[in-house]
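Working notes for the structure below.
Quick note: the coordinates plus some simple rules give every number you see, no bench work behind them. Note that the structure is a prediction, hence the values are computed from the model and not measured. Note that we place each Cβ from the backbone using ideal geometry, even for glycine, and neighbour counts take in every protein chain shown.
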Amino acid sequence: MTITRRDFLQGTALTIAGGLTPLEQIAAYLNFDMVGRMQDNKLTAQATGTSPIWPSILERANVAAGFDLTLTPDPYQPTDVASFNQASVASLSFTTGAHTDYHKPSDTPDKIDYADLDRVADFATAIVRRLMETDEAPQFTKVDQSTQTATRTGVRVFTGTVPDYASNAKGLLLGGVIGGGPAEQAGLQKGDVIVEIAGQSITNIYDYTFALEQLKIDQSVKLVYTRGGKRIETTLTPTARR
């Protein structure tokens, strides 16, 4: 969803991404990527560092919504918000997190949580209304890109892990594993925290995606994770991403 500068001047309708809109007319961009499968009332707002106005707007909008809201300043996400960030457009990206049906035929309409999806829509409406009440478009703030995020787009191996992007755990907390995938075959489960893979320490999602770039398809590596406070070692064999 792109919000144009004309919208700010007229206070009227929004422009929905799909047609061509001159860059200079775009005031802000809101991205909703996988928000139909709510888990434990968790909603993550990414790219909040792209404007100083976002934290306060999100906090006010969430008073009525009541989400367990996690703010992530990083705009260098594997989604459309990354392109708008490169164009210096203040952006937000929302997600309820990955799940085991991601990019699979099993991701069917009956699994969508429509009630919570309505809550997300109301939350988005509150944010947009607040933006329309401001006199100027959100000020863009550049977020420095780390060396970890700069290279992660090259990942091609498949491990079958489903990260919990809202987690602040030291390591990679798994929100689930893909059935029949390498992670499940290695004995990993939802709730496990990966702390080491192929000899590299894992403290966050960026460490993990960086480590994946060093892996080779069908070549087994040692993986260390914690479950219930216990440190466990296993062997994981990545496959080709389809």
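Sorted fewest first by neighbouring Cβ atoms within 10 angstrom, T100, T95 come out as T100, T95. Sequentially through the stretch 177-185, phi angles give Karplus couplings (6.51, -1.76, 1.60; θ = phi - 60°) of 9, 6, x, x, x, x, 5, 5, 5 Hz, Gly and Pro residues having no value and appearing as x.
When you restrict to C-alpha pairs under 8 Å that are six or more residues apart and normalise by the size of the chain, the relative contact order lands at 18 percent. Pairwise inverse Cα distances across the stretch 147-240, averaged and inverted, put the Kirkwood hydrodynamic radius at 13.0 Å.
For the cross-link pairs K142/K216; K42/K104; K142/K190, which exceed 25 Å when the distance is taken from alpha carbon to alpha carbon? Let's see the in-between values first.
Working: K142/K216 34 Å; K42/K104 22 Å; K142/K190 35 Å.
Among K142/K216; K42/K104; K142/K190, the Cα-Cα distance tops 25 Å for K142/K216; K142/K190.
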